[in-house]
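This report refers to the structure that appears directly beneath it.
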Amino acid sequence: MMVPLFIIAGFGIVTLLIILFAPHIRINQWLLIPNSNYAAGGVCKSTARLDGKTVLITGANTGIGKETALDLAMRGANVIMACRHVDKGEEAAASIRAVYPKAQVEVRELDLADTCSIRAFAQKFLSEVNNLHILINNAGVMMCPYTKTIDGFEMHIGVNHLGHFLLTYLLIGLLKRSAPARIVVVSSLAHNFGWIRFHDLHSQGSYNSGLAYCQSKLANVHFARELARRLKGSNVTVNSIHPGTVNSDLTRHSSLMAILFTVFSTFLKTPREGAQTGIYCAVAEELHSISGKHFSDCAPAFVAPQGRSEETAKRLWKASCELLGIEWD
């Protein structure tokens, strides 16, 4: 039976409204408990230095990616900012140097909506960079109109999941050789409202931008958990995070969400606040051996039941490899 489009659209809007107010609640055993510290959230208190370490951050020209780049550069890391628009990346790098003149930051072109760009990026990266200690899969799209990547993938699943899946696959050897190393996958509380639609992964049968986004964020959780399982004993850890609802340009594709974010901006995290959990997972000493977990506000966070299914994670892994034409056992 076909579900009326207005019902699909309505559910998508309700879902995103719940996500918008996510900083106000903590989910615990399906109970919603008021959280008095809903605005700023957790803060990374680690003073760990990263001198001599190399960090790669996707989507680092704006929002939490840029704030993460600044923080890790101030810790002494050599930060590589992988951006789709190099000119915007260079502007972000210049602003980081203006704040911290000693910052070692460089910009490289990477379009996660194009597997040829990802492969070209990785080939050049591997030929020029000897070590990679921290990979932060941060870039993403949200609530896009129905569009496809260069390779024909629906944009949300293509960029948020498959693009980072391929990038990590191409760099995993270097991460292992650089161990101890860490991978941080930026997901979202939105994964709670997502389902992996194997029968229509690219939303060709029906499309709702909010639900497509939720599916991609659930895919992020599955990817982190399954990769952690496969990397056990390698001294490379993988964790996913929910950064919080951040007042950034991620809503640029949705006028409705842009309006809501503007109206309720007082209740949203700033990019700096939103970057804290990712920074925590990248540097905190106590997480050196923690892998396959999900974090929010610099603390372990709830994972939806559908995000804990090993069977789904393995099935998604296999489907991702087939779509990308790779073998990753």
Long-range amide H partners of residue 76, meaning residues 5 or more apart or on another chain whose placed amide H is closer than 5 Å, are 50
One finds the C-alpha centres of the range 142-204 and the range 309-329 to be spaced, in Å, by 12
Expected unfolding gain across residue 94-residue 288 under the 0.36 nm per residue rule, minus the alpha-carbon gap, is 66.7 nm
By the C-alpha gyration tensor axes a ≥ b ≥ c (rounded if a/c is under 1.5, else prolate when a/b exceeds b/c, else oblate), the shape of the range 47-324 is rounded
Ordered by number, the trypsin sites (Lys or Arg not before Pro) in the range 94-173 that occupy a DSSP loop and have at most 13 other Cβ atoms within 10 Å are 102
Set 269/314; 88/269; 269/318; 102/124; 217/318, cut-off 27 Å on Cα-Cα distance; pairs above it are 269/314; 269/318
Here, residue 45 and residue 177, labelled 7 Å along Cα→Cβ, have an inter-label distance in nm of 3.9
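Since every read-out is calculated from the coordinates, none of them should be taken as a lab result. Owing to the predicted nature of the structure, the values given are computational and were not obtained by experimental measurement. Backbone-built Cβ (ideal geometry, glycine too); neighbour counts: all protein chains shown.
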